[in-house]
Amino acid sequence: MRAWQAPSVPDVPGAAPRPVVHDTATGKPVDPTHGDERAALYVCGITPYDATHLGHAATYLAFDTLGRAWRDAGLDVEYAQNVTDVDDPLLERATRDGVDWRELAASQIDLFRRDMESLRILPPDDFVAVTDEVDRVAEAVAFLQETGSAYEVPTPDAEGDDLYFDVNHPTDAWSLGDESGLDRETMLTLAAERGGDPERPGKRDPLDPLLWRAARDGEPSWDSEIGPGRPGWHIECSVIAGDRLGLPISVQGGGSDLVFPHHEMSAGHAAALAHQPLAHAFVHTGMIAYQGTKISKSLGNLVTVRGLLDDGADPRAIRLALLSHKYSDDWEWFDAELTSASTRLATWDAWASGAPAGHADDAADVASRIRARVSDDLDTPGAVAAVDTAIAGGTACTSELADLIDALLGIRLG
Ligand code: 5CA
Ligand code: ZN
């Protein structure tokens, strides 16, 4: 599927360090490329039933920053992102609003593209709708069934039976808990909250996740070698990441609400399919809250990118507001965030467009400092502070320094 228009990214001379990121699975900072010249990134994409909110924007911006840091370090970056364009929350919203689920998805994907473009987020090389990959998912589920990792659960209200993944079937590259490190009780709670069905009778283990949902009346379904139905959630990301990037990938990314069950189970499926870990590192962004609770489409406490832009916000100020927080922190958005980011942006713009005063040789040190901060687990607040300090200290904004700020922070000054 078409992604969106790529922003221009200046090539900046000079050496940048290889980025190190925090891996949820080991709890440690790692170079997820393992020293390779190629970096493969998969980021879990949207479920397109409502507008892009600031939580989505912050998550995609964090991985945009990682892509920029890898490029600046001279690596070849390959990036894939899915769109969960058939799933229960989307179907429920379409029914509630009396619209066709395909039209709802298509219109929300279009809005997402526009928002990503406005924010100058680097597009994925592969932007993949799950509805375009149903055959591949069915093939993978058939393979899991043949090799003993998938089983049928009696489903009286459907044409065939739903298929589940057996989390206890041994694989050589994963066992339950490897990615999330959570205890069983927490897993059970989170599975129930986040799309799982631990209470469903007939499963071997309450934590076993759905791989394939057999066709029901009134629900979309596709004919396939495993009967008519549609993909479960986690398998889509394992299949798309493996097909488009090859396993193991460098980074599997998403918000921290995906640590369990989504990324844990995606890793389990990948191991059962390919005898490989899904990723060298699992990188998670913090949750952004508004009015006291996590911003969420289902809760409705949305601050949308489109809303802020329609109210006249400079998209660069939205970027700067988000970059002023550490990607992995949970934090709350206040309207004042945008006001202070706009003030900061005006100061930066004046600095970059004024006659170059100050010490030009200091500019190279500032550039090194920005590179060091960004490559150290995407410390964008540290990079923002480096620019503030440079301005306060009278450093000149050379064109190389302005280019570096554009290349790494995605903000074109002047
Ligand atoms: N389609 C699935 C992933 S395969 C999904 O989670 N879609 S989503 O639309 O709900 O979320 C898209 C991305 O935004 C995910 O990476 C999710 O973790 C992230 N996200 C959702 N809400 C927030 C939030 N409040 N703060 C930060 N990131 C968020
Ligand atoms: Zn995903």
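Taken together, the values in this text are just the output of simple stated rules run on the coordinates, not laboratory data. Since the structure is predicted, the reported quantities are computational estimates derived from the model, not experimental observations. Here the Cβ is made from the backbone with ideal geometry for all residues, glycine too, and neighbour counts use every protein chain on show.
Taking the Cα of residue 132, stepping 7 Å toward and past its beta carbon, and measuring to each backbone N in segment 97-112: which are under 17 Å?
102-103, 105-112
Taking amide hydrogens as modeled 1.01 Å from N in the peptide plane, which residues meet the under 5 Å criterion relative to residue 327, leaving out close sequence neighbours?
Counting only residues 5 or more places away or on other chains, the set is 380.
Under the √(5λ) rule applied to the eigenvalues of the Cα gyration tensor, what semi-axes describe the equivalent ellipsoid of segment 142-250? Give them in Å, descending.
23, 19, 13
Express the C-alpha Rg of segment 73-208 as a ratio against the empirical globular expectation 2.2 N^0.38 Å, rounded to two decimals.
1.30
Stick to Cα atoms and the Kirkwood definition of Rh, then tell me Rg/Rh for segment 244-366. All intermediate terms of the calculation are to be shown ahead of the outcome.
Numbers: Rg = 20.0 Å, Rh = 17.9 Å.
Computed over Cα atoms, the ratio is 1.12.
Suppose R0 equals 56 Å. What FRET efficiency, 1/(1 + (r/R0)^6) with r the Cβ-Cβ distance, do residue 222 and residue 355 give to the nearest 0.05?
FRET efficiency, residue 222 to residue 355: 0.35.
Can you give the Rg to Rh ratio for the chain, taking only C-alpha atoms and Rh from Kirkwood?
Ratio value, two decimals: 1.00.
Based on alpha-carbon atoms only, what is the radius of gyration of segment 112-189 relative to the globular estimate 2.2 N^0.38 Å?
Computed over Cα atoms of segment 112-189, the ratio equals 1.57.
For residue 28, list the aspartates and glutamates whose Cα falls under 18 Å from its own Cα; do not include residues on the same chain fewer than 8 positions away.
In chain and number order, the partners are 178, 179, 264, 329, 376, 377, 379.
Taking just the C-alpha trace of segment 66-105, give me its Rg and Dmax in Å.
Rg and Dmax of segment 66-105, Cα atoms, are 17.5, 49 Å.
Treating the angle as unsigned and between 0 and 90°, give the value, to the nearest 10°, between the Cα long axis of helix 233-245 and the longest Cα principal axis of the chain.
60 degrees
Taking 0.36 nm per intervening residue step and subtracting the Cα-Cα distance, what contour gain separates residue 310 from residue 339 on full extension?
Between residue 310 and residue 339, full extension yields 8.9 nm more.
Assuming R0 = 30 Å, what is the FRET efficiency of residue 37 and residue 2, from their Cβ-Cβ distance, to the nearest 0.05?
On the way: r = 28 Å, r/R0 = 0.94.
Result of the calculation: an efficiency of 0.60.
In whole Å, what is the distance between the alpha-carbon centres of segment 185-200 and segment 218-284?
Cα centres, segment 185-200 to segment 218-284: 18 Å.
Could you tell me what % of all Cα pairs in segment 206-273 have separations over 16 Å? Mind showing how you got there, number by number?
Numbers: 1204 of 2278 pairs.
For segment 206-273, the fraction of Cα-Cα distances above 16 Å is 53 percent.
Evaluate the relative contact order of the chain (contact order divided by residue number), counting alpha-carbon pairs under 8 angstrom at least 6 apart; express in whole percent.
Details: 762 pairs, mean separation 87.3, N = 414.
Across the chain, relative contact order equals 21 percent.
Inverting the mean 1/r over all pairs of different Cα atoms, compute the Kirkwood radius of segment 1-138 and quote it in Å.
16.6 Å
Ratio of alpha-carbon Rg to the 2.2 N^0.38 Å globular estimate for segment 336-409, to two decimals, please. Don't jump to the answer; show the numbers that get you there.
Working: Rg = 11.8 Å, N = 74, 2.2 N^0.38 = 11.3 Å.
Against the empirical 2.2 N^0.38 Å value, I get 1.04 for segment 336-409.
For segment 26-84, count all C-alpha to C-alpha pairs, find those more than 15 Å apart, and express that count as a whole percent of the total.
58 percent
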